[in-house]
1. Could you list, in sequence order, the residues of the stretch 76-111 that are of a type in the set (S, T, N, Q) and under 26 Å from GLY148 (Cα atoms)?
2. Could you check the stretch 153-203 and list, in sequence order, the residues that are of a type in the set (S, T, N, Q), at pLDDT below 95 and either open to solvent by 10 Å² or more (accessible area, probe 1.4 Å) or more than 22 Å from the chain's Cα centre (by Cα) (or both)?
3. Any chance you could count how many residues in the stretch 302-338 are hydroxyl-bearing (Ser, Thr, Tyr) and more than 24 Å from SER361 (Cα to Cα)?
4. Return yes or no: is LYS98 assigned to a loop (DSSP other than H, G, I, E, B), under 19 Å from LYS373 (Cα atoms) and without any contact (Cβ under 8 Å) to a residue 60 or more places away in the chain?
5. All but one of (1) surrounded by fewer than 20 Cβ atoms within 10 Å (Cβ to Cβ); (2) in a helix (DSSP H, G or I); (3) not aliphatic (A, V, I, L, M) hold for ASP493; state the number of the condition that does not hold.
6. Pull out all pairs, ordered by first then second residue, where Cβ-Cβ is under 9 Å, the residues are six or more apart or on different chains, the first lies in the stretch 103-120 and is closer than 18 Å to PHE89 by Cα and free of Cβ contacts under 8 Å to residues at least 60 places away in the same chain, and the second is hydroxyl-bearing (Ser, Thr, Tyr) and part of a loop (DSSP other than H, G, I, E, B).
7. Among the residues of the stretch 286-314, count how many are crowded, with 24+ Cβ neighbours inside 10 Å and either at pLDDT below 95 or touching an Asp or Glu at 6+ places or on another chain (Cβ under 6 Å) (or both).
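The values are calculated or read from the model by the stated rules, or taken from the named source; none is laboratory data. Everything quoted here is computed from the prediction, not taken from an experiment. Here Cβ is always computed from backbone atoms with ideal geometry, including for glycine, and neighbour counts include all displayed protein chains. Calculation scope for accessible area: heavy atoms of the full protein, side chains included, ligands and nucleic acids excluded. Shrake-Rupley method; radii C 1.70, N 1.55, O 1.52, S 1.80 Å.
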Amino acid sequence: MKRTLLLLLLAATIALPFVLRPKRPAIARADATLVIITPHNEAIRYEFGRGFQRWYHEQTGKTVFVDWRVIGGSSEITRYLDGAYTASFQNYWTHTLKRAWSNAVETGFANFHVTPAATPAQDTPAQAARRAFLESDVDCGLDLFFGGGTYDFEKQVQAGHIVDSGVLQRHPECFTESAIPRFFAGEAYWDRQGRWVGTVLSNYGILYSKESLARLGIKTAPRAWADLQDPRLRGEVALADPTKSSSMAKAFENVIQQHMQERWLALMVAADRISSLDEKAVESQAVREGWILGLQCVQLISANARYFTDSSQKVPIDVADGNCAAGMCIDFYGREQAEAERRRGGSDRLAFVSPAGGTVSSVDPIALLRGAKNRAVALAFIDWVVSLDAQKLWGFKPGTPGGPQRYNLRRMPVRRDFYVHEDWKPSRSDPEVSPFAEKNQLIYHAAWTDGVFRELAFIIRVMCQDTHPELAETWRAIIAAGKPPAAMAALQDMAAVDYDKTTGEIKAALGSKNKIDEVVLARKLVKAFRVQYQRAEDLAQAKQ
């Protein structure tokens, strides 16, 4: 009897989640299916899935099932697409084209550095593979890539994984200075060949807990990135790993860009004062000096870090739970967490701030994937997403006319003309937010850091993450000693990762075909920083 009872309880435990799970729409009942891979959260998936289903039925009289594929962040999606297209192209190359698979074919077909010869007869194996791939409809089993950063989409452009959706030709009225500009504050908002287009804006900032700051004796709320260097925040700052989270990598890039821009403006004023203005020389100096100053800022913020999490979504959760006093995060994560806190308990203890002059508004794009099986429906989704009707889902309150049904997404629509409608303000979640009207705007200069985006994340990893125990202990000793200049100078010596070394030795190692080169360099730099931190700690202790 006991054994029977235990088996029944076990069976009930296993069956209960299946019995209680909400009913899902049956794919077979829909007239069409759309498969989208995305890093977007459940709230966005729900509202945009439901919104498109309604719109599609109004336009066509047919039903559509939106099949969302969620495997992690945009970095994980990039790796998945790389693998899926490799497997699919290998099948096409060997079975359809009846050609032998080789290392040259595998490394060449998605390599944008490989340009096919003048004629197919002149192609090397790598060039032949690249030509065949770009002329094919090889698929990855998905239709659209929706959400993430432009860096990841540009990588997919280079590989040839995403193709022109034709939306620029179908809706030229959407891609103008008054709607979705080509560039704003230095950031690209759509690809001129139509391979990706921005759908919503994101910027970066600081989510903080007023209660935690009060506990630490901090009376002034953070307003700038440098405020996260406050010694009282030691062990209280939440950060994500920039090698795993492209949004955190972008936030750190914003820190670097701000220091470069501030240095550039200061040098321009000084050069003009002495009538010796060589703009190119001034810019070159500003980039190199700003790079060092930005890395030093990132290093001290990291010294205060409690951890580096793999998931950027963990940062706002830990701030809300009181595990950290503040954290760097993407704007909508911060605003959503503050909104959830108000919704649950009516509390305003959480607040989010975008540092003035310290962040740009970049886009989350959408793109049509090569070989999309449900191409017509995918094109319809892209057309709808850039329309003002869909843009309302990002910025309107739940339950308002044209707004979301259940979730307050609190995102900034990408369309400039969204913000000119005064009569929409009562419906908007954040009516005071107007990204195109910011006075103290950080201007993004792609030439300064875009080419070393991956290298920056690598440097932060070896300088701050892999050496975090040593960095945090050294910082503790320096704080206890009153921050002696000699110890601070030793701590913040960036000679090993200055701009020239980053664009030279470090970039070469990370771009090497031999992946061992990256591992060897990482070990070398980690060892160098550990020695450096020990020296700084010794200097600090000598002053105590």
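1. THR78, THR86, SER88, THR107, ASN111 - these are the residues of the stretch 76-111 that are of a type in the set (S, T, N, Q) and under 26 Å from GLY148 (Cα atoms).
2. ASN203, the sole residue that qualifies.
3. Of the residues in the stretch 302-338, 1 are hydroxyl-bearing (Ser, Thr, Tyr) and more than 24 Å from SER361 (Cα to Cα).
4. Working: assigned to a loop (DSSP other than H, G, I, E, B): yes; under 19 Å from LYS373 (Cα atoms): no; without any contact (Cβ under 8 Å) to a residue 60 or more places away in the chain: yes.
Criteria not met by LYS98.
5. So ASP493 meets the others, but not (2).
6. ALA104/THR124; GLY108/THR124; VAL114/THR124
7. Going through the stretch 286-314 one residue at a time, the tally reaches 1.
Here's the yes/no breakdown for (1) more than 15 Å from LEU207 (Cβ to Cβ); (2) open to solvent by 10 Å² or more (accessible area, probe 1.4 Å):
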{"site": "GLN337", "(1), (2)": "no, yes"}
{"site": "ARG344", "(1), (2)": "yes, yes"}
{"site": "ARG349", "(1), (2)": "no, yes"}
{"site": "PHE352", "(1), (2)": "no, yes"}
{"site": "GLY358", "(1), (2)": "no, no"}
{"site": "PRO365", "(1), (2)": "yes, no"}
{"site": "LEU369", "(1), (2)": "yes, no"}
{"site": "GLN391", "(1), (2)": "yes, no"}
